[in-house]
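Have a look at the structure below before the remarks.
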Amino acid sequence: MSDSSPVSTPVLEVWCELQCPDCRSALDDLRALRARYGDRLELRLRHFPLEKHKHAFAAAQAAEEALEQGRGWEYVEAVLGRVEELDRRGEPFLVEVAGELGLDAEEFDTALIDGRHILIVDADQAEGKAIGVTGTPTYVIGGERLDGGKSQAGLRERIEEIADRLLAEGA
C-alpha cells in the first residue's frame, strides 16, 4: 500500500493594510500571482494596520467580515482601489463597498460595532511585529520575508522563484 500524502500548497502571506497606497500598488502583482498559480499557491491575507491611518483597523475588521462572507480578496481589492475615499469617509465607506459587492452590508455594520473580528486583527498585528514586519505590504513565503513597503521592484519575480521551488519540492 502506497502512502500518497497530499502535496502541500505553498502559502504566500500578504501583510497588508487597506488604507495603504503601497498595498494598492501591489494589487497588480497579486493579480498576476493569482493568474499564474491559481489554486497551487495560497494567498493568505494578514493584517498589519498602521497607527498613522485612522481607518486601517476598522478596514482590517471589515476585510475579515468579507472573508467570512466568502468574498475577502474581492473586498480588499475594492477598498484598496479607493484608498482616498476610505481616508475621507471611514467606516460608512467600508459598509457601502460591502453593499456594492452584494455582501450583507448590515452584517458589516454590526461586525464593526460588536468588534467580533478584533482578536484576529490584533493577533495578526502581534505576529507581524514578532517576525519583523514594519510596514506594508510585506510578504512571507517559504520562511523568507520580503518587504514591499520600501520598494516592490523585483518582488513578484522573487516570490515566483520561491513558489516554483516550493512547488517543485512538494511534487
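Of everything in the range 27-52, what is closer than 30 Å to Leu166 by Cα, in contact (Cβ under 8 Å) with a residue 60 or more places away in the chain and not in a helix (DSSP H, G or I)? Give them in sequence order.
Scanning the range 27-52 gives Leu41, Arg46, His47, Phe48, Pro49.
Return the only residue of Gly128, Gly70, Gly142 being of a type outside the set (S, T, N, Q) and either in contact with an Asp or Glu (Cβ under 8 Å, 6 or more places away or on another chain) or over 16 Å from Glu13 (Cα atoms) (or both).
Being of a type outside the set (S, T, N, Q) and either in contact with an Asp or Glu (Cβ under 8 Å, 6 or more places away or on another chain) or over 16 Å from Glu13 (Cα atoms) (or both) holds for just one of Gly128, Gly70, Gly142, which is Gly70.
Determine whether Glu77 is of a type in the set (D, E, K, R), within 17 Å of His47 (Cβ to Cβ) and touching a residue at least 60 places away in the same chain (Cβ under 8 Å). Can you show your working first?
Working: of a type in the set (D, E, K, R): yes; within 17 Å of His47 (Cβ to Cβ): yes; touching a residue at least 60 places away in the same chain (Cβ under 8 Å): no.
No; evaluated as a whole, the condition is false for this residue.
I need the full set of residues from the range 18-52 which are small (Gly, Ala, Ser) and either surrounded by fewer than 19 Cβ atoms within 10 Å (Cβ to Cβ) or within 10 Å of the chain's Cα centre (by Cα) (or both), in order please. Step through it out loud before you land on a result.
Taking the range 18-52 as the starting set, the residues that turn out to be small (Gly, Ala, Ser) are 25-26, 32, 35, 38.
If the condition is that a residue be small (Gly, Ala, Ser) and either surrounded by fewer than 19 Cβ atoms within 10 Å (Cβ to Cβ) or within 10 Å of the chain's Cα centre (by Cα) (or both), then Ser25, Ala32, Ala35, Gly38 are the ones that fit.
Among residues belonging to the range 127-144 that are without any contact (Cβ under 8 Å) to a residue 24 or more places away in the chain and within 19 Å of Glu160 (Cα to Cα), point out the one that is surrounded by the most Cβ atoms within 10 Å (Cβ to Cβ).
Here the answer is Glu144.
Looking at Arg82, Arg71, Arg46, Arg40, which is the one that is under 12 Å from Ile120 (Cβ atoms) and not hydrophobic (A, V, I, L, M, F, W, C)?
Arg46
Scan the range 148-171 for residues that are in a loop (DSSP other than H, G, I, E, B) and either at pLDDT 95 or above or surrounded by 12 or more Cβ atoms within 10 Å (Cβ to Cβ) (or both) and jot them down.
Gly148, Gly149, Gln152, listed by residue number.
Are any of the residues in the range 69-76 among the polar types (S, T, N, Q) and over 28 Å from Glu107 (Cβ atoms)?
No, every residue in the range 69-76 fails to be among the polar types (S, T, N, Q) and over 28 Å from Glu107 (Cβ atoms).
Is the range 98-106 home to any residue that is touching a Cys at 6+ places or on another chain (Cβ under 7 Å) and on the phi < 0 side of the Ramachandran plot?
no
The values are calculated or read from the model by the stated rules, or taken from the named source; none is laboratory data. Being a predicted model, the structure only gives us computed values, none of them experimental. Counting neighbours? That spans all protein chains shown, and the Cβs are built from the backbone with ideal geometry, glycine included.
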